[in-house]
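To keep things clear, I will list the structure first and then write my remarks on it.
The values are calculated or read from the model by the stated rules, or taken from the named source; none is laboratory data. Only a predicted model underlies this, so the values are computations on that prediction, with no experimental measurement involved. Positions of Cβ are backbone-derived with ideal geometry, glycine not excepted, and every protein chain shown enters the neighbour counts. Note: accessible area is taken over every heavy atom of the protein model, side chains too, but ligands, DNA and RNA are not part of it. Shrake-Rupley method; radii C 1.70, N 1.55, O 1.52, S 1.80 Å.
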Amino acid sequence: MAKDDCVDDLLPDKDAAKEFYAKYEPKEILGRGVSSTVRRCIEKETGREYAAKIIDLSSDAENLSMHESTIQEIHILRIVAGHPFIIELHDVFESNTFIFLVFELCRNGELFDHLTNVVTLSEKKTRYIMKQVFEAIEHVHDKGIVHRDIKPENILLDENLNVKLTDFGFARVLKDNEKLFELCGTPGYLAPEVLKCNMFEDYTVGYGQEVDVWACGVVMYTLLVGCPPFWHRKQMVMLRNIMEGKYSLSTPEWEDITDAPKDLIRKLLVVDPSKRLTITEALAHPFFQIMQWDTNLSELKKSFNHVPTSLSERVTNREM
Ligand code: ADP
Ligand code: MG
């Protein structure tokens, strides 16, 4: 991900966002998403640092829907607020052309960036990270929300290397037993039922919160061995492998890994969503019951294996 400034990254017109500029001083780019640029910024009054997600409504032909989806994202961020492993929204500014979401700053960036630094995570570190991810998602699910874009780019790490789940841009509040049908998420992390909904006319049952559990299985697999379970250079083959639940836990990388994490992954990457563990059941799995008195957080800073970047591209209905 290019994080240097370039012509396209000119800051929004001052008039468009007077209020934001009155309170904050924008600094360098921290990250970029499909529809946003995220910059470090300093709150002038306090000198505190934050991360401002700047959403450009003018660049999108369908900016009405972008506006609506950002309002939805803010609504959901407020519902899930107050959890230690979920990003905190500090401030919001709206103009006709831009929306600014000011978040707490995660100094250690994306879990994805750690992953691209070339080594795998030990079982102990995987347990430390995944327990926090599961606890964050359990909170989200308890509120009747599905995230729909769980992946290492949306799992941020703060200065203490604690997880902050972010990017609720695809999240939805589900009414009682409501099912969704839309194709959205990121290809390598899509659950089989999301694909089936969109590929087979006779698959009419839709999907729900179970999709986040599947994505956790993909993330956990990737943390342990440094490569994702379903990746294939031909995307169609990858999607077919996902729908068939075709992945391996017996390749050489898995040789030195104990049974507990393998067993958990097997129970997360289950094609039938009704047979997949729920988040709460996953947290009760023996893998998370092993005590860890001596976790050395600084070890987490060691780099991980490479993950193909093609997996990081998100899709929406429009793009796939
Ligand atoms: P999008 O919905 O466009 O994907 P995200 O909310 O995921 O936007 O933000 C894009 C990227 O910006 C993240 O993947 C991360 O690299 C960076 N980022 C977002 N929020 C923060 C934050 N609070 N602290 C540090 N970096 C952040
Ligand atoms: Mg994102």
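The table below gives the values:
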{"item": "Boolean, Arg127 is of a type in the set (D, E, K, R) and either in contact with a Gly (Cβ under 6 Å, 6 or more places away or on another chain) or open to solvent by 30 Å² or more (accessible area, probe 1.4 Å) (or both)", "result": "no"}
{"item": "Within region 251-291, tally of residues that are in a helix (DSSP H, G or I) and of a type outside the set (A, V, I, L, M, F, W, C)", "result": "12"}
{"item": "Residue list for region 17-44, filter: touching a helix residue (DSSP H, G or I) at 6+ places or on another chain (Cβ under 7 Å) and away from ligand 2 (no atom under 12 Å from the Cβ)", "result": "Tyr21, Ile29, Glu43, Lys44"}
{"item": "Selected residue [open to solvent by 50 Å² or more (accessible area, probe 1.4 Å) and in contact (Cβ under 8 Å) with a residue 24 or more places away in the chain] from Glu182, Glu178", "result": "Glu182"}
{"item": "Thr126, sole failed condition from (1) more than 14 Å from ligand 1 (Cβ to nearest atom); (2) under 16 Å from Leu77 (Cα atoms)", "result": "(2)"}
{"item": "Single condition Tyr247 does not satisfy, out of (1) touching a Leu at 6+ places or on another chain (Cβ under 9 Å); (2) in a loop (DSSP other than H, G, I, E, B); (3) at pLDDT 95 or above; (4) more than 28 Å from Tyr128 (Cβ to Cβ)", "result": "(4)"}
{"item": "Listing of helices (runs of 4 or more DSSP H) fully contained in region 112-229 that carry 1 or more residues being within 16 Å of ligand 2 (Cβ to nearest atom) and at pLDDT 95 or above", "result": "123-142, 210-225"}
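To keep it simple, each residue is scored yes or no on (1) open to solvent by less than 10 Å² (accessible area, probe 1.4 Å); (2) of a type in the set (Ser, Thr, Tyr).
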site	(1), (2)
Leu190	yes, no
Asp202	no, no
Gly208	yes, no
Met220	yes, no
Leu223	yes, no
Met236	no, no
Ser250	no, yes
